[in-house]
Amino acid sequence: MPRALITGITGQDGAYLSALLLEKGYEVFGLLRRSASSEVVGARLHWLGVQDRVRLLDGNLMDLSSLLRVMEEVQPDEVYNLAAQSFVKASWQQPLLTGQVTALGANNLLEAVRLIRPQARFYQASSSEMFGKVEGGAQNERTPFHPRSPYAVSKLYAHWITVNYRESFGLHASSGILFNHESPLRGVEFVTRKITDGAARIRLGLAQTLPMGNLEARRDWGHARDYVRAMWLMLQQPEPGDFVVATGRSASVREFCELAFAHVGLDWRRHVVLDPAFLRPAEVDVLQGDATRAREVLGWRPETSLEELVAEMVEADLRRHRDRMR
């Protein structure tokens, strides 16, 4: 039975990846950072019904000694680094924390793998935000990076240190440059869940308006359930590498609003209001991925359309609020 260690296991991607690996017969271990909200950290694992089938171990990406201890205990065959301070807006408010966790945390984990379990296969969750200010055309593995937030800069460090460990120490270390991927498990602070949750609340009479920032920003949105499959496929390859994972379709925040509100029979224009407080200091105007290499090498393709994704998220938020109203 292969063993996998996942950091960020209680997040959206960690929960879906856990479910996928359990289906494939893995023993799944997760690194759990102790916090004051530790009693609710397993909510996403619970949503997918896998909370009792994973083993959570105390550890912290900022504490190399804890990573060495966990690596010794688990002896994983595969290591997935999904942990990060991943909220882009918060990275301007907490740039040093973002750099410590998202950038140096990845470096600490790579060092623990190198020292204790160099034969393990390693996955780094890179981000399309690293592309940042792009000029025309879809982004692929050869597109230059121009990060536009402390989060993106930190992810870029983690990406390149993964490449460096691969080239310097011969680790089977791969990076997935994942474009935006969403689901009902996305945190409500992220724009997609904010929209679907807002549409659900307005439909149920719990709110009247939804304050938003830049409606013209365009993103390539897919389903997290599809994207974790790409992560696993990368670590099954004979040689490591870096892969863009995307649908190839770009849509604006405005279009996402339109889809979500239309699903509940509402006109988004009557409820969405612009609020400058939600504008970013530096915006990434458009991201659209070219996942040709992932298709050709991994045999990966997305299975969920944007319309299906939005409908699934809105329905989940309607259920959540109806349950609370009972």
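Here, each number is a calculation from the coordinates, and none is a lab measurement. If you're wondering where the values come from, they're calculated on a predicted model, not measured in any experiment. In this analysis, Cβ positions are derived from the backbone assuming ideal geometry, glycine residues included, and neighbour counts consider all displayed protein chains.
Quick notes
- For the pair Leu115 and Ala262 in one chain, pulling the backbone fully straight at 0.36 nm per residue adds 47.6 nm over the alpha carbon distance.
- Across Val310, Val273, Val245, mean-square fluctuation computed from a Gaussian network of the chain (C-alpha pairs under 10 Å connected) peaks at Val273.
- For the chain, share of DSSP beta bridges that run antiparallel, in % to the nearest 5: 5
- Other-chain or far-sequence residues with amide H under 5 Å of His223's (modelled H): Glu182, Thr304
- Ellipsoid semi-axes in whole angstrom, largest first, where each is sqrt(5λ) of the Cα gyration tensor of segment 81-235: 31, 17, 16
- Centre separation in Å (Cα based) which lies between segment 274-297 and segment 3-75: 28
- On Cα atoms only, tilt of 253-263 relative to the major axis of the chain in degrees: 70
- Note on segment 224-310: the alpha carbon radius of gyration divided by the globular reference 2.2 N^0.38 Å gives 1.42.
- Gln288 long-range amide H proximity, modeled H, under 5 Å: Gln139
- Volume per residue that the Cα convex hull of the chain spans, once the total is divided by residue count, Å³: 131
- Fraction in percent of alpha-carbon pairs per bin - 10 Å, segment 168-289: 12, 36, 29, 15, 7, 1
- Qualifying GluC sites (Glu not before Pro) in segment 69-139, DSSP loop, other Cβ atoms within 10 Å at most 11: Glu135
- Neighbours of Ala138 by Cβ distance under 9 Å: Lys/Arg scored +1, Asp/Glu scored -1, total -2.
- Divide the volume of the convex hull around the Cα atoms of segment 60-164 by the residue count and you get 95 Å³ per residue.
- In Hz, Karplus ³J(HN,Hα) per residue of segment 203-217 (6.51, -1.76, 1.60; θ = phi - 60°; x = Gly, Pro): 4, 8, x, 8, 7, 10, 10, 10, x, 9, x, 6, 8, 8, 4
- Extreme residue, positive dipole direction of the chain, given options Phe29, Trp160, Gln119 (C-beta unit charges): Phe29
- The chain: most fluctuating residue of Phe278, Phe261, Phe122 per GNM, C-alpha cutoff 10 Å: Phe278
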